[in-house]
Structures are given as C-alpha cells and as structure tokens.
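K.L.:
First the structure, which I've put down as structure tokens, then a few questions once you've had a look.
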Amino acid sequence: MQSILVIGAGIAGLLAAQDLQKRGFDVTVIDKGRGLGGRLATRRLEVDGRTGKADHGAQYITAYEPRFEALVREMERDGILRVWRTAPSSLGQSQRPRYIAPEGMTAVAKYCAKGLAVRLGERVVGLMSAAEGGWKVQTDKEATIHADALLITAPVPQALMLVDTLAHEVLSAAERMSLEAIQYEPSIALMFALLEGKTSQVKPPGMVFVGGVSVMWIADNQQKGISPDVATLTIHTTPSFAREHWETREEDLVPLLLADVQPYLSMDSIASYSLHRWRYSRVTAPHTELFLAAAGSAAPLVFAGDAFAGITPLLTRVEDAALSGWAAAEYLSSVGT
C-alpha cells in the first residue's frame with residue numbers, strides 16, 4: 001500500500017494525513033467544504049469597511065493527552081494558539097488551560113495542513129473497488145481518484161452513505177451496528193456583527209452558558225481577542241431548538257433567539273448576521289474504539305474522527321478527533337508495511 005485518500009479535512013483527517021505522509025505514504029485529503037477544519041471554523045463579517053471574525057464551531061481547545069498537549073504547545077510557541085482561560089477540573093485531572101486561536105480557529109486547521117495535498121470544494125459521491133486492487137473514488141467534479149486505502153473522517157452518517165454506494169457489502173453486521181449506534185446532536189450557530197461603538201454585555205473572559213429554551217451559550221469574539229476591529233458574537237442553540245427549527249428561515253430565527261439573549265445583546269446594536277447549521281455538532285454516543293477498520297474489505301477502509309473516542313472519551317471534540325486520527329494512521333501504517 002502506497003497511496004491513501006483521506007475523506008474529510010477536519011483535524012482528524014489532517015493529523016492522520018500528516019502522520020502517514022511522514023511515514024512515506026502518498027496522501028491526498030479531500031473535503032466537500034470550501035475551507036479546512038470542519039468545526040474548526042471562522043467566518044468573516046463585514047461592517048462599514050471593517051472586518052470582524054467569529055468562530056462558529058469549536059470555541060477553544062483543551063489538551064489532556066501528552067501527544068496532543070505537545071502539539072498544542074507547539075502551536076502556542078508558533079503563535080497559532082494562546083491561553084484564554086483555565087478549564088474546570090474534569091476527568092479526575094487537574095485544571096487545564098483553554099486555548100484560542102487569535103486569527104480564528106481555522107488557523108489551527110491551516111497549521112495542521114501544511115505540506116499536504118488537499119482538494120477542497122470537491123464532494124466524494126461514490127466508491128468502487130478497483131479491479132487492480134484498492135479503490136476508485138468518484139467526485140462531483142467528474143474526477144476519479146485511485147487509492148490503495150481509504151480513511152473516512154467525515155461524520156459517520158455521511159460515511160455510511162458513501163459505503164452504501166459500493167456494489168458489495170464491506171461491513172459486517174456488527175460493524176454496521178456499532179457505527180449506526182453513534183449519536184450526534186445538532187446546533188444552529190448564529191453570528192452577529194455589532195455596530196461601531198456597540199458592545200455586548202457578556203462578562204469577561206467572553207463566554208457565558210445561557211441555558212435557555214433556545215440558546216445554549218453565547219461567546220464574544222472581540223473579548224476572546226480574535227475580532228479586535230468589530231465586536232462579534234456567536235450563539236449556539238440548544239439541540240432541541242435546532243431540531244425543531246432546522247428548516248426555519250434565517251430571518252425568522254433571529255427574533256426567536258434574541259428572546260434568550262436580551263440580557264447580553266440588544267436588537268438595535270446588530271449591524272449584520274450570518275448563520276450556519278451544524279447537523280453533527282456534538283457527539284453524544286461515541287464509538288468505544290479510536291477507529292474502525294472494516295474487516296471484510298479487500299482493501300483497507302478505516303473510519304475515524306471525533307465520534308471515535310475510545311473507552312474513556314474526553315468529549316473535548318478537537319482532542320478526541322486528533323487522537324482518533326493518529327490511531328487510524330498508526331493502524332494504516334502497520335497494514336501498509
């Protein structure tokens with residue numbers, strides 16, 4: 001095995017690709033999105049010639065495992081991350097710093113993608129077993145990519161849809177059942193840019209858990225330090241609200257959400273807004289292994305990502321995804337040598 005296609009340019013796919021490339025494999029990463037990072041997402045908001053930024057997925061990174069902590073500290077030394085605040089104690093461990101990216105969380109993904117061959121804005125639409133071995137992958141750009149092995153780090157429901165395009169079954173009943181048992185919660189992210197001179201009433205360090213009917217939390221990106229020129233806010237809804245209003249029009253969502261955040265934000269201070277729907281925002285029932293390799297597949301087929309959190313999930317999203325990606329890369333390296 002020499003060539004590996006990684007489907008998904010979130011941190012799991014990017015770190016796995018880096019690891020495999022360092023081991024001598026020919027690696028390509030492909031993602032349907034226009035940008036890197038998955039939930040490491042930052043959006044620009046323009047207001048009167050000024051540009052604001054808003055992290056609308058993951059708001060910060062914590063590190064518990066030594067390898068991931070080493071990566072985080074490397075990014076801190078290189079100016080990609082800085083300490084924002086201290087996290088409460090969890091998992092029976094001491095308090096850990098929460099890190100934010102001064103240029104927005106997409107900077108983390110860009111850092112992890114350095115030197116990789118990445119194809120963005122290209123959706124994988126079908127898989128085929130190649131007659132000569134390995135895989136043929138069809139994309140919506142009418143391209144065919146040949147690879148000896150596949151690593152799929154997309155959300156598991158999307159990964160299963162790809163597997164179902166195969167002409168033959170590659171998953172055992174037990175493997176499919178374990179993948180279908182993974183559960184996610186949705187969320188709707190709403191980003192506001194405020195008029196010049198306007199600020200929010202969110203107290204330092206810039207994030208508050210509202211716990212309302214519609215809003216789970218609100219973050220002030222200016223206080224976090226990623227949007228110095230424009231005050232911007234990010235709101236994430238509760239899962240129940242997201243499910244109920246998944247198809248609700250944007251213009252109808254704003255007044256519904258403002259009812260929950262009026263103590264922190266007034267309607268007359270809003271200059272513009274942007275919305276993003278996260279169908280797979282948070283994993284609530286992860287897989288009990290760090291990855292899954294399809295045992296019945298003639299060519300290596302591996303699933304990984306933040307839904308593969310192991311027996312003791314950290315449930316810190318970014319770190320879980322990173323550890324899963326590294327574990328999948330280790331496996332692929334072992335079967336490819």
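K.L.:
How far, in nm, would the chain grow between residue 165 and residue 125 when pulled straight, counting 0.36 nm per residue and subtracting the alpha carbon separation?
P.N.:
13.6 nm
K.L.:
Could you order peptides 174-184, 14-24 by the average number of other Cβ atoms within 10 Å of their residues, highest first?
P.N.:
Descending mean neighbour count gives 14-24, 174-184.
K.L.:
Please tell me the relative contact order of segment 185-282 in percent, rounded to the nearest whole number, where contacts are Cα pairs under 8 Å and at least six residues apart. Please report the intermediate quantities before stating the final value.
P.N.:
On the way: 182 pairs, mean separation 43.8, N = 98.
The value is 45 percent.
K.L.:
So if I place +1 on the C-beta of Lys and Arg and -1 on the C-beta of Asp and Glu, and nothing else carries charge, what would the dipole magnitude of the chain be about its Cα centre? I want it in debye, nearest 20.
P.N.:
With only Lys, Arg, Asp and Glu charged at Cβ, the dipole is about 680 debye.
K.L.:
While we're here: Amide H neighbours of residue 3 under 5 Å, at least 5 residues apart or on other chains, H built in the peptide plane: list them.
P.N.:
For residue 3, whose amide H was placed from the backbone, the distant partners under 5 Å are 26, 148, 149.
K.L.:
Can you tell me which of 207-220, 129-142 comes out highest on packing, and rank the rest after it, using the mean Cβ neighbours within 10 Å?
P.N.:
207-220, 129-142
K.L.:
FRET efficiency for residue 199 and residue 251, Cβ-Cβ distance as r, R0 = 25 Å, nearest 0.05?
P.N.:
0.55
K.L.:
State, as an integer percentage, the relative contact order of the chain based on alpha-carbon contacts under 8 Å between residues 6 or more apart.
P.N.:
It rounds to 22 percent for the chain.
K.L.:
Continuing with this model, one more query. Given Cα pairs under 8 Å that are at least 6 residues apart, what percent is the relative contact order of segment 67-212? Don't jump to the answer; show the numbers that get you there.
P.N.:
On the way: 116 pairs, mean separation 18.1, N = 146.
The normalised contact order for segment 67-212 reaches 12 percent.
K.L.:
Residues in segment 194-223 near a label at residue 262, defined as backbone nitrogen under 16 Å from the 7 Å Cα→Cβ point?
P.N.:
Flagged as within label range: 201, 212-215.
K.L.:
Contour minus end-to-end for residue 3 and residue 299, with contour as 0.36 nm per residue of separation and end-to-end as the Cα-Cα distance?
P.N.:
Details: separation 296, 0.36 × 296 = 106.56 nm, distance 1.15 nm.
Gain in length upon complete extension: 105.4 nm.
K.L.:
Any chance you could run the full-extension gain for residue 26 through residue 50? It's 0.36 nm times the residue separation minus the Cα-Cα distance, nm to one decimal.
P.N.:
4.5 nm
K.L.:
Please work out how many pairs of lysine residues in the chain are eight or more positions apart (or on different chains) and have Cα atoms closer than 13 angstrom.
P.N.:
Lysine pairs meeting the criterion: 4.
K.L.:
I've got another one for you. Kindly state, to the nearest 0.05, the FRET efficiency for residue 289 paired with residue 244, given R0 = 35 Å and r defined as their beta-carbon distance.
P.N.:
0.60
K.L.:
Along segment 177-192, what does the Karplus equation 6.51 cos²θ - 1.76 cosθ + 1.60 (θ = phi - 60°) give for ³J(HN,Hα), rounded to whole Hz, x for Gly and Pro?
P.N.:
For segment 177-192, the Karplus-derived couplings read 4, 5, 6, 5, 7, 5, 10, 10, 10, x, 8, 10, 9, 10, 10, 10 Hz, x marking Gly and Pro.
K.L.:
Just how large is the dipole of segment 185-282 about the Cα centre, in debye to the nearest 20, putting +1 at every Lys and Arg Cβ and -1 at every Asp and Glu Cβ?
P.N.:
Numbers: 8 positive and 11 negative charges, 69 e Å.
Value, rounded to 20: 340 debye.
K.L.:
Whose amide H sits under 5 Å from the amide H of residue 36, counting only residues 5 or more places off or on another chain, with H placed in the peptide plane?
P.N.:
The answer is none.
K.L.:
Using mean Cβ contacts within 10 Å as the protection proxy, how do 197-203, 107-113 order, highest first? Don't jump to the answer; show the numbers that get you there.
P.N.:
Working: 197-203: 15.1, 107-113: 21.9.
With the highest mean Cβ count within 10 Å placed first, the list reads 107-113, 197-203.
Bear in mind that the values in this text are calculations on the coordinates, not laboratory data. All of these numbers come straight from a predicted model, not from anything done at the bench. Positions of Cβ are generated from backbone atoms using ideal geometry, with glycine treated the same way; all protein chains shown enter the neighbour counts.
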